[in-house]
Each structure stands twice: as structure tokens, then as C-alpha cells.
Amino acid sequence: MDSNIKLANSTLTTCPYCGVGCGVVATPSNVTGDESHPANQGRLCVKGSALHETLVPNGRLLRPRVAGEDRSWPEALAAVSGAIRDSVAQHGPGSVALYLSGQLLTEDYYVANKLAKGFIGTPHVDTNSRLCMSAAVAAHKRAFGEDCVPGCYEDLELADLLVLTGSNAAWAHPILYQRMHAARRTGRRVVVIDPRRTATADLADLHLKLKPGTDTVLFNGLLAWLVRHEATSPSYIAQHCSGFEETLACAQDVASSVASVAAQCDLVEADVERFYRWYADIPRTVTVFSQGINQAVAGTDNCNAIINCHLATGRVGQPGASPFSLTGQPNAMGGREVGGLANTLAAHMEYDTPGAREQLAEFWGTDQLPEAPGYKAVDLFEAVHRGDIKVLWIMGTNPAVSLPDSARVREALANCPTVIVSDCMANTDTTALADILLPAAGWGEKDGTVTNSERCISRQRSFLPLSSAARPDWQILASVACELGYARAFQYQCPADIFREHAALSALACRVSEGRQIFDIGALAQLTDAQYNQLEPTQWPVILDDVGEIEGSSRLFSDGCFATDDGRARLVPVPVGRPCQSVTPRFPFVVNTGRIRDQWHTMTRTALVSRLLTHRQEPSIEIHPDDAFRLRISDGALCQLIGPGPEPFLGRARLTSDQRLGEVFIPIHWNGRFASQSVATNLIAAVTDPLSGQPESKHGIASLHSLANQWQARLMRRKSSNDLRDLAGFCDYWCRQPLAHSESWWLAGSKTVDWSKDATIWLEGEPQLVLVDSAQGRFRAARVVDGQLEAVLLVDNNVELLPDLVWLDQCFASERLSSEQRQCLLAGRSVETEDMGALVCSCFQVGDRQIAKAISRGQTTLEALGQVLKCGTNCGSCIPEIRELLQVELLET
Ligand code: SF4
């Protein structure tokens, strides 16, 4: 059966990056936004619009490998099942663990959970979704009785007051940011709460640049203020809530006055008052919260402090009025639906839900279900480190980079007797530590469903044949189940078989909860294969209407009836939650971490697209200019952050008053494949929120220093050249950018190099063009074969003088280097192209200097700039930066 929905030879599918869950119209050579998809209505951000460029064989894992050798599937499956069987026999089922990913499809997740909990009998099944939003899950359960997001994306447009807290949506959820921006209107207010001024603050009428870790104070203060000003809804509280009095008492204790809140949060009193007044006066309020709220040791309390204010004002599940948790990953919610978190059972059933274990055991036909929850992510890897876990199966994620204290995680993986990794990429920091590698299907090959941040289930459809020996994850899992002797329970022929079972289980879970459970897609359990293939985006819970049509639910709890035992929502007293680590004289800087605009997670997919590497070419450290001045760090200097852990973070200084004094920001994406020592999680301690197990990934401590390098260089080689990493061991710092035509490396070192002598090694041959300027510490050399550029080495301590990356890469595409190109390579500037400055628009490769020039020539609106330079006219991800340039340039003139 054709599993695709075809649209003039295109396939309707979904983007595999963030939790917005945009619909995509895809062919192997092009993608556009799906106008019929409710999440994006035709828009795509820069990552989504470059998806087709990731459909390349580069770096794919194409064959199973066991102990470093290529193997057939039967051999690999025998190795996996043998390791699991032996471990269970010798050490019990708890010696086996699965670590899953929000990148997996719901069907993959379902089979993984069923195999692990239902048949191997281990409770240790957790997922990288633990790292991004498990605090919101725990808070939803405490407040509403179930892990449910009450609102929908339309609410972000309907709200008259939009509060964005701990969310740089402009970069992390770009299409939702664009929707919020497009909904701007007279009288609508936007408040952004973030210790940094991010691109999202472009939207703000009020930016509260609060001290990190004081979110509970600000929202407790809001609750107390609302009560003082009689701005709560006593009737809603009386009819639909419990816990109000205790919660208020706690809030009044924590934040007795606006002055006290302002002092604790390091904010201006009038700004706090203004925020509170707006909140009181504007009933249609949505509070969007994301990783900045979740990734804290008090993450669950942070979320509940926000929800408390919404409950006290009756603003839950109403059009334009709800708390709204934005999910990081494309299928974090789908994973939670099936029980992908170690503390849940399956289909939103908890271990302690009366009757759940018995009913689930009967449904699956097993007597192996564990009795108690398993290890959450950080504890799971600690158990691996202790040696308690003997077989660890990791699917579609890179914990050697993404988990806190990642040096210890790498140590744990290195010492684990059997590490199995299913991935579509061959070379990641985690696959490097695997004993068994299983090639998984990638985006475009996979077929199933995902659920986005607004509970919307969408099909992710395949439109490409499987690469070589790659297989869908659900098939790999089912094959292992068969090898282990559980074939009867894993007789799936296609993803639709799994989905139907998953849907039927949700209906059973609702019966077990005696109708209280909200997550219910039982109406989809009877879908035929064809109906499954045609399934349109649908928000759960799903019912069949009077004429048997599928009907989703955009909002929850609108009637004030919640999923708790007594049907009432719970306000939760939230004490002050401070970050675990405080700065010390030895580690005087607070380290914040987060995403950048054009990269995704550990770059395995986005780094395949060279234009996505040009907006931010290197790991950076964003520093307040006054801190930099004090430490004599100049903009663009190489620096290192040293934390209490064993490894530092190296990056290039970006001086910006967007940072607060004494605080720095680093990106989460770089890893051992792309840079020498730039893994952000090395600076993050393995401390977690005790309620949710979510790590405190937004808060590290470190000292900041200039890197004592004597020289800096850019080395570029034709794409097919040998890997440079062995040679790069000679450097104190390296960072690699795989581009369209070449491989580019930033290098820096403290050891003296005789460039004239050693250039041959770096260039893999004799250079034909050479320029030496010893006085300036400058050296240029290029190897040219038959007129074509093969390699170029540019040594200069002033990296600003080097030609820009895009121009250099284009030189490798020239069949014959022109005399001007040769001249520029040596002179160090591109005379053929205008100096574009720092890249702003990735789609059309437009830099800040070009934009500034156009503004000075009279293009003083976004539209005018778009007409002249095209910047901002495709995906729109760069629009906040263009607006900021407009503001700065117009202020200066
Ligand atoms: S916002 Fe961008 S990354 Fe996120 S789902 Fe949409 S297109 Fe993909």
C-alpha cells in the first residue's frame, strides 16, 4: 500500500526538528511549508526550509556494526538479543536499560516501551525529553491531574497579554514566534521574562531581565499582588480549585511586596508593578514557558508558580487564556503518551494508578511488568557508571553531549559492558562509544506519527526508500523482541498496526481511570490502513462525532473540570527555588546555555547544510562588555570557561549588553565532532529537580579567561581531503565547518609553528601561492592544482582581516582560480564581493554590513530591505535581527 499522501508528486509530512511540529510538503529535492497544516499554515523556518539539503548520504550509518566490524542484520540482532538475554539471566531485568529520544516516532516509542517494560521486564526506559520538559509534565500532573497542555496555538494569537518566560521562541520555536508577531495589534501587550535580551525581546513591550533562578519569586509575587488588588476570580477558585489558601500564604511569605520582588529578582520596581497591573487588567492572558523555566532545580515549582496565577484568575483552557508549555522536541509529547518516561507506565497510566498494572499486563499478554518506576535520565547514567546497568540501548540521541556532566557520561558509556546505539548517523560522540551500532531510518524514510506542543497528532510520512541496510526503529525493536522469544506480541506489519494498538490502549487507560483521563485517542483504534495513511493533523483527545467523523479538541478544562480525583485543579504552594550552584570567588560567572538560530541539538543533521553553519560559525561565549573590559577580553577573542568539572568550554567572545553583568551564555550544539572542547554540558553539574528529574541545564558556574594562543588560522581543504582531527590535536583549539565545497577549520595554538616549513603538512602538499609577513605574524599559503584551489592556510591573529567564509568556499567551486581570487587569497580580503559582515539572513546569505549600508541609503523598513536585499523574505527567522539592526542604525543616524 502507498503510505504517502501525494500532492503533485510531493508528500505531506512534518518537520523533524522542534516541538512546533510544522507541516512540510516534501520531495527529495525540495521542501515547502504545508499551507493546510494548522501549526504553520505554510510557513517554515530556516532549519525546516533547508530539510531537503540534509537528504544526503554523508555520514549515514548504513550497515549494522558489532565490535567495530560490519555485520548482517541477523548477526547484529543475535548480538543484541544475546546481550539482553545474558544480562537478564545473570543480573536480572533491571540490568537492561533503554534511553530513547523525542526524535523517535510514536510507533517506535510504543514498541520500545512495550518491549522493555512489558517483556524484558525492566522499568529503566527513559528519554531525552527528560532534559527539556519533564518539569512541565510534573507540574501539569500536580495542577491538572494529568500531563496535559490546556491550550492551543491559536491562543497565542488571541491573547491580549502574552507573557513569554524562559523562552527564546524567535530562535527555538521560530514559526510560533512568527505567528505571535503577526498577531500584534493595538492594545495587545507582550512581556518577555528572561535574564538575557534575546531575539524574542524584539516582540516585547516590557522585558524583565530578571536574576536567574528567581522565577518563583516573580510569580509568587504576582499571585500575592492579584489577591491584594482583588484581581483573582473567587468564584472560579471556589468552584474549581483546591489549595488556594496554603498557596497564597506561601506566596505572601515569599514575596510580600512589589519592592521585595524587585529586590529579589534584581528588577526595577515600576516594571514589576507594570507587569502585575497588565496581568490583572487583561483577562485574555497566555503565559508561554519553555526551557528557561523547566531546566532548573526548581523547574516543577517554576511551572506551578505560573499555573497558580492562571488558576487563581480562571484563565485555563479559555480562548486566548491559558498557561502554555512549549516543548523542545518534535515528538516529546508522543513519547509521553506511550510511557517513554521512566516514572510512567503507558498511555498516561501511572505505576500507582489503581488497576493499571493488571489491566496493562492483560492487554499486552505479559506477566513481566515491573512493579515500580525506573531511573530517570541522570540517575540512569549514574547507574550505568556504577555498573548496575550492563546493557544500555540508546536510540536516536547523543547523551555523550546532551546530558549534564557529560564527561562522566562518556566515562559511564566507555565502561558499560554493552552499549547498543540505533542511529541514522555513523559518527557521533555517542556512536564512538558503542559496541553495537544499528542503522536506523532517517527523516524522509520513516513513517508514523508525532505529537506537537498543542497535542496535535500529525503523520510523518516517508517519501524516500530506505538507505542501504537502514530499518525503521519499530522494526528493529520488533525483530529483537522476536529473537528474544516474544514474537506473538510483536506481530506488526506496518506502523498503522502499532498506532491502532496504542489508540486502543489509551481507551483502556480511560476506563481504568473511570473516565477521568483526558488522553484518549480510542476513536482512532479502528482506523484502516488507508485512513491511517490519510490521517489529518488532529488534537487529542479525539472523539467520533454523531456521524462517525473524527473530532479533535483544541482546548482542555474549559468547563473547569480537571483530571484529578475530585475534578478540581490544585494550586500548589511554591517555596523559593534557588539554583543549586552559587558563584564563588573561584567560579565567579553564572553560565546560561541554550540554542542558536540555525542549529539543532548536536548538529548531526543541521551541520550537513553549509548555509546553516554561516550564521554562527563557531561556539561562542556571550559576555557583558564591562566584564570583558575588566578581564581584558576583546570582541572575537578566543576564551575559555573553566567550571568545577574536568573539562573547559572554549569559544569566541561575543560582547553584548544583552547579557547581565557576571553572567555568560554559551550554545548547546557543539561537540567532539565539530570542535575541540566546546561541549556546554561539561559546565553543567548533574543536579536535578527532585520532582521531575529534569537537570539544571540553564545554570552552571565558571571562571572566564582569554585563551593564551600565539596564533590563529583558518585552514580549508577540498571536501574529499583526509580528516584533519589528528593534526588538529596539535592545536589548543579547533572548530570545523563542513561546507558545500570545502572543509573549513578554525585553528589556534600556543606552540610556535614554522609555517613556511609546516604548511606542506597542513595543506597536504606544496603550496603554489605563499605570502609571509613576519612583522605582522601573518602567513598565507594556497595549494593550487591545474588551476583549482585544493587547500588554503590563512594565519592571522586579526581574524577580522580574513576573507569571509562563503567567498572562500566559493573559490573551491571555481574551475580555475582567477587572478583576482589569487590576489585576495593572499591579500586576505575579498575584492570581488562586497564585505557582507556577520551573516544575518541564511536563506539569501545577507550580512549585517550589507543591511546597514542599505539602511543608510534609505531602505528604512523591513519591507524595503526585503525588496532590495531579499533578507527576511523567505523563512523569516532573521526578522528579529533585521529589526534590531534597523533600530540601531536609525538611532545612530
Ligand atoms: S519552527 Fe522550524 S524547526 Fe520548528 S517545526 Fe517548524 S520548521 Fe521545523
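Quick notes on this one:
- Under 16 Å from the Cα of Lys853 - aspartates and glutamates, other chains or at least 8 residues apart: Glu834, Asp835, Glu863, Glu881, Glu884, Glu889, Glu892
- Accessible carbon and sulfur surface of the range 789-890 relative to its total accessible area, %, 1.4 Å: 46 percent
- Calculated on the Cα set of the range 203-340, radius of gyration then Dmax: 15.2, 46 Å.
- Rg and Dmax of the chain, Cα atoms only, in Å: 27.2, 84
- Across the range 710-779, the relative contact order, built from alpha-carbon pairs under 8 Å that are at least six residues apart, equals 32 percent.
- Whole-number accessible area per residue in Å² for the chain, which is evaluated in the context of all protein chains at 1.4 Å: 35 Å²
- With q set to 0.18, 0.20, 0.23 Å⁻¹, the log10 of I(q)/I(0) for the range 677-774, from the Debye formula over equal scatterers at the Cα positions, is -0.94, -1.06, -1.27.
- Computed about its Cα centre, the charge dipole of the chain is approximately 1280 debye, with only Lys, Arg, Asp and Glu carrying charge at their Cβ.
- At the listed q of 0.17, 0.21 Å⁻¹, the Debye profile of the range 1-116, built from one uniform point per Cα, gives log10 I(q)/I(0) equal to -1.00, -1.18.
- Loop GluC sites (Glu not before Pro), the range 307-383 (other Cβ atoms within 10 Å of the site Cβ: 13 or fewer; DSSP): Glu371
- Long-range tail of P(r) for the range 536-593 (Cα pairs > 15 Å, %): 73 percent
- The range 307-366, accessible surface, carbon-and-sulfur percent (1.4 angstrom probe): 49 percent
- Only one residue of Tyr492, Val286, Cys841 has its Cα farthest out toward the positive end of the dipole of the chain, where Lys and Arg carry +1 and Asp and Glu -1 on Cβ, and that residue is Cys841.
- Virtual spin-label span in nm between Val770 and Glu35, 7 Å along Cα→Cβ: 6.1 nm
- Relative contact order of the chain, pairs being alpha-carbon contacts under 8 Å that are 6 or more residues apart, as %: 15 percent
- The range 9-72 - convex hull of the alpha-carbon atoms, volume per residue in Å³: 121 Å³
- Rounded to 0.05, the FRET efficiency of the Gln534 and Asn58 pair, given R0 = 25 Å and the Cβ-Cβ distance, is 0.15.
- If you take all other residues with their beta carbon under 10 Å from the beta carbon of Pro417, and give Lys and Arg +1 and Asp and Glu -1, the sum is -1.
- The portion of the accessible surface of the range 7-77 made up by carbon and sulfur, rounded to a whole percent, is 51 (1.4 Å probe; DNA, RNA and ligands excluded).
- Members of Lys114/Lys698; Lys47/Lys446; Lys117/Lys141; Lys698/Lys870; Lys211/Lys751 lying beyond 29 Å, as alpha-carbon distances in this model show: Lys114/Lys698; Lys698/Lys870; Lys211/Lys751
- Remark: the range 419-490 carries a charge dipole of roughly 340 debye about the Cα centre, counting +1 on each Lys and Arg Cβ and -1 on each Asp and Glu Cβ.
- Taking the charge dipole of the chain about its Cα centre, with +1 at Lys and Arg Cβ atoms and -1 at Asp and Glu Cβ atoms, the residue from Ala249, Gly92, Gly396 reaching farthest to the positive side is Gly396.
- For the range 395-456, a crude dipole built from +1 on the beta carbon of Lys and Arg and -1 on the beta carbon of Asp and Glu, taken about the Cα centre, is about 80 debye to the nearest 20.
- Based on the convex hull around the alpha carbon atoms, the range 43-177 presents an average projected area of 12.6 nm².
- Taking the charge dipole of the chain about its Cα centre, with +1 at Lys and Arg Cβ atoms and -1 at Asp and Glu Cβ atoms, the residue from Gln677, Leu715, Ala440 reaching farthest to the positive side is Leu715.
The values are calculated or read from the model by the stated rules, or taken from the named source; none is laboratory data. Nothing here was measured: the structure is a model prediction, and the numbers come from that model. Note that each Cβ is placed from the backbone with ideal geometry, even for glycine, and that neighbours are counted across all protein chains shown. Ligands, DNA and RNA are excluded from the accessible area calculation, which covers all protein heavy atoms including side chains. Shrake-Rupley method; radii C 1.70, N 1.55, O 1.52, S 1.80 Å.
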